[in-house]
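The values are calculated or read from the model by the stated rules, or taken from the named source; none is laboratory data. For clarity, every value in this text was computed on a predicted model and none was experimentally measured. Virtual Cβ from ideal backbone geometry, glycine too; neighbours counted across all protein chains shown.
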Amino acid sequence: MKTENTELELKNKYDITQNEIREWLANDPSTPPSADDVRQTEDALLNFAAAHTLAPPPGLKEKILGKLHALQIIPRQTLHLDQLPMLDETSNWLDWQEVVTGIEPPEDYEDLHLHPLEANEKRELFVAWVREMVPEEVHHDLLESFLILEGSCECHITDQAGTTRSVRMGQGDFITMQIGETHDICITSIQPTKAILQWRKLAA
């Protein structure tokens, strides 16, 4: 009974009627609300948000915990721009984020900007920024890999057998496009996506 009364009290406390909302909207904008009005409105909104919370997609919790676990078990290292390691699935995005701190794209770049970090007979390495998309492309003489530092994207990939798949990527995610895979990249974040891009030359 006590619980029911408490729930009723809470309901009465947080209930906002349409008439009350109309009254609030009709108030003179030059008259600030009282502290009690602000507190009650804030409490009501918090209660409404809690009551309408949506469950996260299945597997999201495990993915987040898995990424946190991976970041903890992968050894941190200090990288240097004049001696950068090969980019692979064990690369820690935090290390790469730190080493390229201070490198920024020009403000007026259109959709894609590449800042070169290394170019030799083995590979080319860049910091890449993309605003909207990377058009469809395919590579036959190099392996393209990238590690997301900021933002998010979705890769649409078709292998040589014609099988297609979509891969959603966010901060810390790594991927390698296999030889002959046709792919394009669509940015899904509001801000441009920033990544470390590696083209590993097969002839090397």
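Quick notes
- Among the candidates 111, 88, 82, the residue that is in the same structural domain as residue 178 (by TED's automatic domain parsing), over 25 Å from residue 183 (Cα atoms), of a type outside the set (Val, Ile, Thr) and surrounded by fewer than 15 Cβ atoms within 10 Å (Cβ to Cβ) is uniquely 82.
- Some residue of region 130-145 being of a type outside the set (Ser, Thr, Tyr), in contact with a Leu (Cβ under 7 Å, 6 or more places away or on another chain) and under 11 Å from residue 196 (Cα atoms): no
- So residue 94, is it touching a helix residue (DSSP H, G or I) at 6+ places or on another chain (Cβ under 6 Å) and closer than 23 Å to residue 80 by Cβ: no
- Of the residues screened, residue 36 is one that is outside any loop (DSSP other than H, G, I, E, B), at pLDDT below 75 and not aromatic (Phe, Trp, Tyr).
- Hits in region 159-204 - residues which are in contact with a Lys or Arg (Cβ under 8 Å, 6 or more places away or on another chain), of a type in the set (S, T, N, Q) and surrounded by 14 or more Cβ atoms within 10 Å (Cβ to Cβ): 198
- All positions within region 140-165 that are of a type outside the set (D, E, K, R) and either touching a residue at least 60 places away in the same chain (Cβ under 8 Å) or over 19 Å from residue 89 (Cβ atoms) (or both): 140, 142, 147, 151, 156, 158, 160, 161, 162, 163, 164
- Filter result (in contact (Cβ under 8 Å) with a residue 60 or more places away in the chain, of a type outside the set (A, V, I, L, M) and in contact with a Ser or Thr (Cβ under 9 Å, 6 or more places away or on another chain)) within region 104-139: 129, 131
- Conditions (1) closer than 18 Å to residue 174 by Cα; (2) modelled with pLDDT under 95; (3) part of a loop (DSSP other than H, G, I, E, B): number failed by residue 85: (2)
- Answer from 155, 186 - the residue that is closer than 30 Å to residue 107 by Cβ and in contact with an Asp or Glu (Cβ under 7 Å, 6 or more places away or on another chain): 186
- Residue in region 62-74 that is hydrophobic (A, V, I, L, M, F, W, C), more than 18 Å from the chain's Cα centre (by Cα) and more than 25 Å from residue 192 (Cβ to Cβ) present: yes
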